[in-house]
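Each remark here refers to the structure printed beneath this line.
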Amino acid sequence: MPRGIPLVLSAPSGAGKSTLVRALRSRLPGLEFSVSHTTRRPRAGEVDGVDYHFVALQVFEKMIGQRAFAEWAEVHGNLYGTSLEALETRLERGADVLLDIDVQGALQLAEGVAGAVLVFVLPPSWDELRRRLVMRGLDPADVIERRLANARGELGQALRYHYLVVNDRVERAADELCRIVEAERCRAGRRRDLVEALLREESRATPGAEDTL
Ligand code: 5GP
């Protein structure tokens, strides 16, 4: 069983990543979602263990001390991290894992976790990003300006990712993400077992070939 793919998705807030994540998960039901730990309070409707593992700051800090995170970062004043053990267990059993994490975490993961595939979701334009932040009506003007300033910084890291996907239309962007996953599954390094099986078969079918292997 080849090791699964850690598929990392990052985006500036307002780029529509959550909708895209939902669309991708419904298209690729085999893709397992990495449930992060966070110190932020649950929002209405969020379920502990499903959306996040909601933990106290002391618990999170203890986990940092135990090197329990594959990556962790402070995002908008709260701590977020990916459990190394949970991630590795899934990858080892061959599951592809989707991680919705910020830029700092994605770059840490690229260093520490073998085979991480990094996808950055871009808004179609700067105007559209601003429009989406205003339209969702969640934030006052100063918070929107802060989010846009953060977005500028995050965009500065986008070229360190492996793939850039423009979220102009969710269905189109989700199609593109599916094709990225398909292509990554075909990488030679992940299909070593196929070549080995063929060579074993060939050596059984060809008398005397065992001697040359
Ligand atoms: P929210 O609190 O709105 O769910 O998420 C805020 C930000 O934290 C999002 O950009 C999300 O991608 C990021 N995030 C969620 N989980 C993790 C994690 O485990 N590690 C890092 N580095 N960022 C995360």
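Out of all the residues in the range 53-64, is one or more within 13 Å of the ligand (Cβ to nearest atom), closer than 25 Å to Glu176 by Cβ and in contact with a strand residue (DSSP E or B) (Cβ under 8 Å, 6 or more places away or on another chain)?
No, the conditions are met nowhere in the range 53-64.
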Margin query: Can you confirm whether Thr38 is surrounded by fewer than 18 Cβ atoms within 10 Å (Cβ to Cβ) and closer than 13 Å to Asp100 by Cβ?
Written below: no
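So is Arg43 among the charged types (D, E, K, R), within 9 Å of the ligand (Cβ to nearest atom) and under 30 Å from Glu128 (Cα atoms) or not?
It is true that Arg43 is among the charged types (D, E, K, R), within 9 Å of the ligand (Cβ to nearest atom) and under 30 Å from Glu128 (Cα atoms).
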Item checked: Selected residue (criterion: surrounded by the fewest Cβ atoms within 10 Å (Cβ to Cβ)) from residues of the range 154-165 that are assigned to a helix (DSSP H, G or I) and in contact (Cβ under 8 Å) with a residue 40 or more places away in the chain -> Arg160
Margin query: If Glu145 satisfies all but one of (1) surrounded by 18 or more Cβ atoms within 10 Å (Cβ to Cβ); (2) over 18 Å from Asp51 (Cα atoms), what's the number of the condition it fails?
Written below: (1)
Notebook entry, point to check: Which members of the range 183-195 meet the condition of being modelled with pLDDT of 95 or more and of a type in the set (Asp, Glu)?
Noted result: Glu184
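Step by step: first the residues of the range 128-140, then only those that are among the aliphatic types (A, V, I, L, M) and in contact (Cβ under 8 Å) with a residue 24 or more places away in the chain, then the one that is farthest from Ile5 (Cα to Cα). Which residue is that?
If we take residues in the range 128-140 being among the aliphatic types (A, V, I, L, M) and in contact (Cβ under 8 Å) with a residue 24 or more places away in the chain, then Leu133 is farthest from Ile5 (Cα to Cα).
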Notebook entry, point to check: Quick one: what pairs do we get from the range 46-75, first residue open to solvent by 90 Å² or more (accessible area, probe 1.4 Å), second within 11 Å of the ligand (Cβ to nearest atom) and not aromatic (Phe, Trp, Tyr), C-beta under 6 Å, 6+ apart or different chains?
Noted result: Trp72/Gly81
Next item on the list: Being within 15 Å of the ligand (Cβ to nearest atom) and on the phi > 0 side of the Ramachandran plot is the filter; apply it to the range 68-101 and report the residue that is nearest to the chain's Cα centre (by Cα).
Entry: His76
Margin query: So in the range 111-127, with the set limited to residues that are assigned to a helix (DSSP H, G or I) and either free of Cβ contacts under 8 Å to residues at least 40 places away in the same chain or at positive phi (or both), which one is most open to solvent (accessible area, probe 1.4 Å)?
Written below: Glu111
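The values are calculated or read from the model by the stated rules, or taken from the named source; none is laboratory data. None of these values were measured; they are calculated from a predicted model. Heads up, the Cβs are rebuilt from the backbone with ideal geometry, glycines too, and the neighbour counts pull from every protein chain shown. Heads up: the accessible areas ignore ligands, DNA and RNA and are worked out on the full protein's heavy atoms, side chains in. Shrake-Rupley method; radii C 1.70, N 1.55, O 1.52, S 1.80 Å.
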